[in-house]
Each structure stands twice: as C-alpha cells, then as structure tokens.
1. Obtain the nm distance between the two label points defined at Gln82 and Gln345 by a simple spin-label model: each point lies 7 Å from its Cα along the Cα-to-C-beta direction.
2. If packing is taken as the average count of other Cβ atoms within 10 Å, what order do 333-339, 314-320 fall into, highest mean first?
3. For Lys332 and Arg209 in the same chain, what is the full-extension length gain: residue separation times 0.36 nm, less their Cα-Cα distance, in nm?
4. When a footprinting reagent is the concern and you count Cβ atoms within 10 Å, what order do Val286, Val205, Val398, Val340 take, fewest first?
5. Give me the distance in nm between label points sitting 7 Å out from Cα along the Cα-to-Cβ direction at Asp369 and Lys162, one decimal.
6. Quick check on the exposure proxy: order Trp94, Trp122, Trp112 from fewest to most C-beta atoms within 10 angstrom.
7. Test of understanding: ordering Arg41, Arg116 by Cβ neighbours within 10 Å, fewest first, what list do you get?
Amino acid sequence: MATEHTEAPKPSIGGLAVTLVGLAVLLVVPMLAWQRTESMRERIEEDVDPARHRIGIAIETANRARSTAFYYLFTHDAEYAQRYADLVNEWHRWSADDPRITRCGPEVDHAWRMGREELNLWFTRYGSEYIRTGQHRNLPDADRQFLRGEAFLAAARTQADKLSIVLRSRAGSVSHAEVAVSAAMAMISLLVAAFAWEDARSRRVLWMREHDAAERLRLAVREINHRVKNNLQVIAALLDMRLMEDAELVHRSHLEELLRQVRAMAAVHEFLSRGTTEEHVPARAVLERLVELSGAPGRLQTDLQSDELILNVKQANALALIVNELLLNASKHGATAVRVTLEEQPQGIRLTVADNGPGFPARFQIAKDAAVGLSLVRTLTEHDLRGRLRVYNEGGAVVEVSFPR
C-alpha cells in the first residue's frame with residue numbers, strides 16, 4: 001500500500017509581508033505627513049504670505065494715489081502732483097506680474113488680474129487727467145471704475161487669506177491625523193501577521209499529525225504483510241512435514257491436526273486484531289484461548305497456571321503451536337488430564353506440559369524417536385524461541401521448554 005508523500009507546509013511569508021507593510025506604513029506615512037507639513041509651510045512662507053502682502057500694498061497704494069489726486073483737485077498744490085506721480089510709479093511696481101500670486105491658485109490670480117486691469121484704466125482715464133487738467137469729469141464713472149478694481153483686489157486678498165488659513169490649519173493638524181491613521185494601520189497589519197503565523201503553525205502541526213498517521217499506517221501494513229508471509233510459511237512447513245510421510249493419502253485426522261495448528265496461530269492474532277498498537281500479546285490469555293480450542297476434542301481436563309507475561313508475536317506463535325502439539329499428543333496417547341504451567345525464571349521463561357498418560361518409552365531420544373508432532377515442537381523451540389527442549393517421565397510424560405525473554 002503506497003502512501004501519498006506531501007511536503008510539509010512552509011511557514012507562510014504572507015505574515016512576514018504584512019508585518020513589513022505595517023512597519024513601512026508606520027515609518028513612511030509619518031515621514032510623508034511631515035514632508036507634506038513642511039511643504040505647506042514653505043508654500044505659506046514663500047508664496048501665500050508674500051502674495052497677501054503684495055496685494056495689500058497694491059490696494060493701499062491705489063487708495064493713497066486716489067486720495068492724493070483728489071487733494072490736488074481741491075488745492076492745486078504741486079507737492080500733491082509730485083506725490084501722485086510717485087504713488088503711480090509705486091503702484092506699477094507693486095501691481096507687476098508676480099508668479100507667487102499665480103501659484104496661489106486660479107481664484108486669487110483671476111481676481112488679481114481683473115483688479116489690476118480696472119485700476120490701470122482708472123489711472124489712465126481719470127487719475128492722470130485730474131493731475132493734468134486740475135478738473136474732474138465723469139466723477140461717478142471714475143468712482144465705479146476704481147471701486148470695481150479695488151473690489152477685485154480685495155477679493156484676491158480674501159482668497160489669499162483663506163488659502164493661508166487652510167494651509168496653516170492643515171500644517172498643524174493633518175500630520176497628527178495621518179500619524180494616528182498610520183499607527184492604526186500598523187496595528188492592524190501586526191494583528192493580521194500574528195493570525196497568519198498562527199495559521200501557518202496550525203497547518204504545519206496538522207500536517208505533522210497526518211504525516212505521522214500515514215507513516216504508522218505504512219508500517220502497520222508492512223508488518224501485517226510480514227506476518228501473513230510468516231504464517232503462510234509456517235502452514236507450508238506443516239504441510240511439508242505431512243507430505244514427508246509415506247502414506248499416499250492424507251488421513252482425516254492429519255487434516256484435523258493441521259486445522260488445530262492453524263487455529264492455534266489464529267488465537268495469537270485474535271489478540272492482535274483487538275486494536276492494540278503494541279507488537280506484543282498477553283501469554284496467559286493466549287493459552288486460555290488455546291486450551292479452550294484444543295482441549296475439547298479429547299475431553300482433556302486441563303489445568304492452566306501462568307504468570308502474567310507479555311510475549312512478542314513470534315514467541316506467541318511458537319508457544320501456541322507447541323502447546324497445541326503437546327495437548328494433541330497427550331490426547332492421542334490416552335491421557336485424561338494435563339497440567340500446563342508457564343512461569344518466569346531468572347534465566348528466562350519456562351513452559352511445562354505434564355500429562356497422566358503412559359509417558360515416554362524407555363531410552364526415548366527426541367532426535368531419533370520423535371514423531372512429527374514432537375519434531376515440530378523441537379524445531380519451534382530451537383529455531384523460533386532460541387530455547388532448549390527437555391522430556392522426561394514423572395507420573396506421565398513431561399515436556400519442558402525453556403527460552404530467553
């Protein structure tokens with residue numbers, strides 16, 4: 001059974017990216033706010049305030065020139081005429097084009113240009129005529145002309161004042177608001193990053209659990225396949241031992257013996273199939289089940305005494321087959337009672353099976369005289385359990401199997 005191999009989820013870089021974005025916001029936004037504040041202050045100092053000052057002086061100069069022209073009309077004093085000429089020159093100097101006023105915006109620039117145009121017409125049509133002729137004509141038209149120009153300049157000054165107030169307000173408050181917003185965004189980014197890292201950690205833990213479960217399943221399947229192979233090999237060996245006999249036909253009793261041997265092995269796997277994750281089985285429980293299966297056909301009275309021992313699968317299989325063969329042999333040779341003892345010794349474990357039958361013949365040697373069943377017991381003891389087999393008579397046949405833990 002193949003298990004799908006998947007790579008472990010790597011820690012998401014999304015959390016790190018969000019964290020870096022949050023820190024960038026925390027650092028960059030206040031810097032941008034500070035730059036904007038400085039830019040507004042520079043605009044106020046370099047453009048708006050000089051424009052307001054220039055427009056104000058232009059309005060004041062125009063009003064002084066008008067007043068001086070009227071004084072000359074009433075007094076005809078040459079000093080007023082000279083002062084008027086000086087004020088006209090001053091007007092032209094202050095009303096000249098200025099890029100700082102243009103940079104204050106279209107509203108300020110438009111009102112400034114309209115006001116200059118109206119007042120320049122007043123100086124050309126009316127003010128200079130007052131000084132040249134000493135008389136005034138069309139005074140209402142002249143007043144309307146001057147007032148229109150003054151109104152436009154006043155509007156330009158008002159718009160410049162408004163712009164100054166707005167910029168000063170933004171320079172003092174916008175930066176604080178942006179810093180607060182950037183701090184909030186940074187906190188949100190850090191929270192998102194924390195959730196992203198926690199999600200990555202949870203996904204990795206889940207993957208590790210799934211990977212461990214898949215690995216355990218793979219090992220379990222491999223172990224099951226190994227056990228099935230071993231059990232089939234044991235069954236094949238049992239059949240080979242029967243085929244080595246001279247009889248052409250297999251007697252029913254031989255098939256029954258083989259069936260009991262397979263059931264003895266099944267008794268071990270019955271405990272392995274109960275959902276335990278360990279590769280060990282309780283020896284006493286296996287023997288109790290085995291006595292229940294093996295003792296019934298021969299009506300043997302079986303006395304089982306066993307310490308609470310835990311055996312691995314290979315030991316349990318071998319022990320089950322050995323006990324099964326010895327119970328079967330006792331029944332074959334006329335025994336009516338069998339005592340099975342499994343106990344722990346300082347040197348290892350000892351299994352003793354004693355019956356009340358006729359016992360072994362005199363001068364009995366396992367290597368020469370053992371039949372198929374006892375030969376199987378010897379093979380299992382020496383090869384599977386790495387132990388030692390001993391047989392003797394004591395009120396019947398006694399078989400001892402000693403093996404290390």
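No value in this document is a laboratory result; all are computed from the given coordinates. Just so you know, these numbers come straight off a predicted model, no measurement behind them. Using ideal geometry, Cβ is built from the backbone for each residue, glycine included, and neighbour counts are taken over all protein chains shown.
1. Going by the 7 Å Cα→Cβ label model, 14.8 nm.
2. 314-320, 333-339
3. Once the chain is fully extended between Lys332 and Arg209, it gains 38.8 nm.
4. The fewest-first ordering by Cβ neighbours comes to Val205, Val398, Val340, Val286.
5. The modelled label-to-label distance comes out at 13.1 nm.
6. Trp94, Trp122, Trp112
7. Ranking Arg41, Arg116 by Cβ neighbours within 10 Å, fewest first, gives Arg41, Arg116.
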